[in-house]
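Engineer: Dropping a structure here in structure tokens format, bear with me for questions.
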Amino acid sequence: MSTPALEIQGLVAGYGDVSVLRGLDLSIAPGQLVALIGANGAGKTTLLRTISGLIKPQAGEIRLEGTPLHGLAPYEVVRQGFVQSPEGKQLFGGMSIRENLLIGAHNARAREVRDQTLKEVFALFPILEERQKLAANTLSGGQQQMVAVGRALMAKPRLLALDEPSLGLAPIMVDRLFESIRRIRDLGVTVLVIEQNVFKVLQMADHGHVLENGRIALSGSGRELLADGHLRATYLGI
Ligand code: ATP
């Protein structure tokens with residue numbers, strides 16, 4: 001069996017004395033598009049923040065393609081190839097689209113291939129090339145989300161994590177964005193998506209995991225999860 005893109009074992013993490021993640025195990029195969037689902041406050045963002053090195057785990061191991069990430073500083077985690085696009089985009093609104101994208105290529109590995117990666121991002125999101133000189137805050141919400149995803153791609157991720165990319169977007173923009181996420185997977189990048197849009201994300205994902213009570217409670221292919229009675233009742237209201 002090939003080395004997992006991401007492997008997490010026994011992860012315990014949270015805030016102060018409160019453990020949000022309580023012995024979480026998760027394995028993601030290389031090249032897959034994987035959805036992480038869970039109720040509000042289940043700990044999805046906490047998981048991304050812990051993998052990113054922003055929260056220090058109380059216990060457990062995190063490996064990216066076999067290399068330990070636990071204990072690394074956030075910039076080292078990015079250098080290893082785990083890059084996340086945070087919830088709420090967090091762009092520099094007054095700076096140009098191009099500048100926002102180039103900020104993503106901050107690490108040395110990405111900087112070397114920056115011009116080529118920028119071409120790839122523009123191929124994925126042609127509207128960003130057309131508007132590259134405009135300030136980011138002149139864009140629609142959907143286009144700003146493209147900048148946020150593009151900026152993460154500029155860091156040359158091996159694993160790209162997206163936190164609620166569809167939040168606040170019109171349905172047509174969600175469809176376009178999800179199509180782009182699929183194309184990113186097809187380029188060979190492993191993708192982990194956190195989504196409230198459970199139905200759509202499971203239709204798109206190769207695999208999904210459900211976070212409940214600090215652990216992965218349910219895993220399966222997108223199709224299997226969509227057919228699961230518990231998932232349908234809890235997250236789709238069916
Ligand atoms: P959402 O979908 O609402 O973003 P989530 O699954 O991403 O939810 P988290 O944001 O990871 O959930 O939050 C998990 C728990 O940790 C929640 O109970 C939340 O109140 C708590 N929490 C989040 N951030 C902090 C913080 N900075 N300090 C203390 N507790 C926090």
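The values are calculated or read from the model by the stated rules, or taken from the named source; none is laboratory data. In this text the structure is predicted, and so the values were computed from the model without any measurement. Using ideal geometry, Cβ is built from the backbone for each residue, glycine included, and neighbour counts are taken over all protein chains shown. Accessible surface areas use protein heavy atoms only, side chains included; no ligands, DNA or RNA. Shrake-Rupley method; radii C 1.70, N 1.55, O 1.52, S 1.80 Å.
Engineer: Just one of (1) aromatic (Phe, Trp, Tyr); (2) modelled with pLDDT of 95 or more; (3) more than 16 Å from the ligand (Cβ to nearest atom) trips up residue 75, so point out which.
Structural biologist: For residue 75, the exception is condition (2).
Engineer: As an exercise: evaluate residue 45 against (1) in a helix (DSSP H, G or I); (2) open to solvent by 60 Å² or more (accessible area, probe 1.4 Å) and give the number of the one condition it does not meet.
Structural biologist: (2)
Engineer: Answer yes if at least one residue in segment 137-146 is open to solvent by 70 Å² or more (accessible area, probe 1.4 Å), touching a helix residue (DSSP H, G or I) at 6+ places or on another chain (Cβ under 9 Å) and assigned to a helix (DSSP H, G or I), and no otherwise.
Structural biologist: Yes, segment 137-146 contains at least one residue that is open to solvent by 70 Å² or more (accessible area, probe 1.4 Å), touching a helix residue (DSSP H, G or I) at 6+ places or on another chain (Cβ under 9 Å) and assigned to a helix (DSSP H, G or I).
Engineer: Quick check on this structure: which one of 87, 120 is charged (D, E, K, R), in contact (Cβ under 8 Å) with a residue 60 or more places away in the chain, surrounded by fewer than 18 Cβ atoms within 10 Å (Cβ to Cβ) and in a loop (DSSP other than H, G, I, E, B)?
Structural biologist: Residue meeting the stated conditions: 87.
Engineer: Now for a different question. Which of the numbered conditions does residue 182 fail, given that it passes all the others? Conditions: (1) in a helix (DSSP H, G or I); (2) under 19 Å from the mean Cα position of the chain (by Cα); (3) crowded, with 19+ Cβ neighbours inside 10 Å.
Structural biologist: (3)
Engineer: Anything in segment 36-49 that is within 13 Å of the chain's Cα centre (by Cα) and within 20 Å of residue 9 (Cβ to Cβ)? List them, or say none. Give the derivation first.
Structural biologist: Within segment 36-49, the first condition is being within 13 Å of the chain's Cα centre (by Cα), and the residues that meet it are 36-37, 44-49.
Result: 36, 44, 46, 47, 48, 49.
Engineer: Quick check on my filter: what residues within segment 135-168 are away from the ligand (no atom under 16 Å from the Cβ) and either farther than 24 Å from residue 115 by Cα or more than 15 Å from the chain's Cα centre (by Cα) (or both)?
Structural biologist: Selection gives 135, 136, 137, 138, 139, 140, 141, 142, 143, 144.
Engineer: Moving to a separate point now. Residue under question is residue 68, and the condition is that it be more than 26 Å from residue 205 (Cβ to Cβ) and away from the ligand (no atom under 16 Å from the Cβ); does it hold?
Structural biologist: Working: more than 26 Å from residue 205 (Cβ to Cβ): yes; away from the ligand (no atom under 16 Å from the Cβ): yes.
So residue 68 passes the test.
Matching residues to (1) more than 16 Å from the ligand (Cβ to nearest atom); (2) out of contact with any Leu (no Cβ under 9 Å at 6 or more places or on another chain):
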| position | (1), (2) |
| --- | --- |
| 10 | yes, no |
| 31 | yes, yes |
| 54 | no, no |
| 59 | yes, no |
| 63 | yes, no |
| 98 | yes, no |
| 119 | yes, yes |
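Engineer: Something else now. Here's a check for you: in segment 13-22, which residue that is closer than 12 Å to residue 213 by Cα and open to solvent by 20 Å² or more (accessible area, probe 1.4 Å) is nearest to the ligand (Cβ to nearest atom)? First the steps, then the outcome.
Structural biologist: The first filter runs over segment 13-22 and keeps only residues closer than 12 Å to residue 213 by Cα, leaving 19-22.
So of that shortlist, the ones also open to solvent by 20 Å² or more (accessible area, probe 1.4 Å) come out as 19-20, 22.
On the way: 19: 10, 20: 5, 22: 12 Å.
It comes out as 20.
Yes/no matrix, rows are residues, columns are (1) assigned to a strand (DSSP E or B); (2) closer than 16 Å to residue 67 by Cβ; (3) not small (Gly, Ala, Ser):
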| residue | (1), (2), (3) |
| --- | --- |
| 4 | no, yes, yes |
| 9 | yes, yes, yes |
| 13 | yes, no, no |
| 19 | yes, no, no |
